[in-house]
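Just so you know, all these numbers are worked out from the coordinates, no wet-lab data involved. From a predicted model like this one, the values you see are computed outputs, not experimental measurements. With ideal geometry, Cβ positions are generated from the backbone for all residues, glycine too; neighbour counts draw on all protein chains shown.
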Amino acid sequence: MIRRILQSLIALAVVLGIGAAIALRIPVVQDRLVIEGGRRYFAQRAAHDPLFADDALRVIVCGSSAPMPDPGRAKPCIAVIAGGRFYLFDIGPEATETLARRLFPLQRVGAVFITHLHSDHIGELGEFAMQSWANGRERTLDVYGPPGIERVVAGFNEVYALDNDYRTAHHGGNFLPREAAAMLAHAIEMPGADDGSNTRTTPAYTDGDFKVTAIEINHRPVRPAYAYRIDYKGRSVVISGDTAPHPPLAVAARDADVLFHESNSTHILELLQQSGKGVPGMERFNQINHDVNDYHSTPVVAAGIANPAGG
């Protein structure tokens, strides 16, 4: 008896499976699935509004990988949410895609801050500008960074100029106003002499209670390179950017609620160098992996900066 019931259930499951497979090939069923899927997508997208609804300071890591390909992570990018907007700190390759997959409201960007001008920290500037504009950003995108940011922004503006023209011509200026497509660079000049021994700081941005301070760090030969401290209504976050061990950063990060400090696994890179040693064609790879270690920090070093900073 039980065996017959099981056979009947299996037969029913097979029939239902075949029926479902046939139904999925019917255009009207396919159309209905697309409509329902779209409704769920837009509902989930709207659900991100609570992130901006209250007066909190929130941080989302939208990229954290090294320059080498990583299928699970985008290149450096941190989003800070405050006062109804979000602010990006670095925007490396794949980061825009990561934000879009999370249904992030790109049009609510306040500004972009770049720690330094390495490709893995700036590579997505043009695409983010286009995507945030297409999603509803209605004013020029402000981009702050070390001197040299003017050249970077001008280059991306030129690269995307024809694309922006085409999109406005196609969709109309009411939906995609051409004047809002571009980025505007703001170079942050650090006052005082660069003697390499102390951390210099300077106010970089203020919007009401939202304040950003640029902090000089050591990523030589990349100079200047900045960390950023974000303060908002008694709460604070520090983002180190890329830096060699630099104890003065602990002073600038003192009493911050959270410190996001870079770290690099020097041990793994050393092992990779051993793997490639003596292998024809690996000389460049080995040299780059060797050089990378001298201007990054290990996890132990990062902890050594965080501990005296307190918080």
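The table for this structure:
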{"item": "Computed over the range 31-132: relative contact order in percent, which uses C-alpha pairs under 8 Å that are six or more apart", "result": "23 percent"}
{"item": "Kirkwood hydrodynamic radius (C-alpha pairs) into Stokes-Einstein, the range 46-134, 20 °C and 1.002 mPa s, D in µm²/s", "result": "165 µm²/s"}
{"item": "Fluctuation leader among ARG139, ARG73, ARG101 - the chain, Gaussian network, Cα springs under 10 angstrom", "result": "ARG101"}
{"item": "Interchain or long-range residues, amide H under 5 Å from GLY110's placed H", "result": "PHE86, TYR87, LEU88"}
{"item": "Cα extents of the chain along the three principal axes, largest first (Å)", "result": "85, 57, 44"}
{"item": "Gaussian network model of the chain, springs between alpha carbon atoms under 10 Å - residue of GLN273, GLN30, GLN107 with greatest fluctuation", "result": "GLN30"}
{"item": "Dipole magnitude of the chain about its Cα centre (Cβ charges: Lys, Arg +1; Asp, Glu -1), debye to nearest 20", "result": "1440 debye"}
{"item": "Top positive-direction residue, dipole computed over the chain with Cβ charges, set LEU271, HIS116, ASN174", "result": "ASN174"}
{"item": "Set of lysines near LYS211 by C-alpha distance (under 22 Å), chain-local residues within fewer than 8 positions excluded", "result": "LYS233"}
{"item": "Net charge of neighbours whose Cβ lies under 15 Å from the Cβ of ALA95, counting Lys and Arg as +1 and Asp and Glu as -1", "result": "-3"}
{"item": "Cut-off 10 Å between beta-carbons: net charge of the residues surrounding ALA225, Lys and Arg +1, Asp and Glu -1", "result": "0"}
{"item": "Cα gyration tensor category, rounded, prolate or oblate, for the range 212-292 with a/c compared to 1.5", "result": "prolate"}
{"item": "5 angstrom amide H check on GLY63, placed H, neighbours 5+ away", "result": "CYS77"}
{"item": "Counted charge near LYS277, where neighbours are those whose Cβ lies closer than 12 Å (Asp, Glu -1; Lys, Arg +1)", "result": "-2"}
{"item": "Mean separation of Cα contacts under 8 Å, 6 or more apart, over the residue count of the chain: relative contact order %", "result": "10 percent"}
{"item": "Rounded to 5, percent antiparallel among DSSP beta bridges of the chain", "result": "70 percent"}
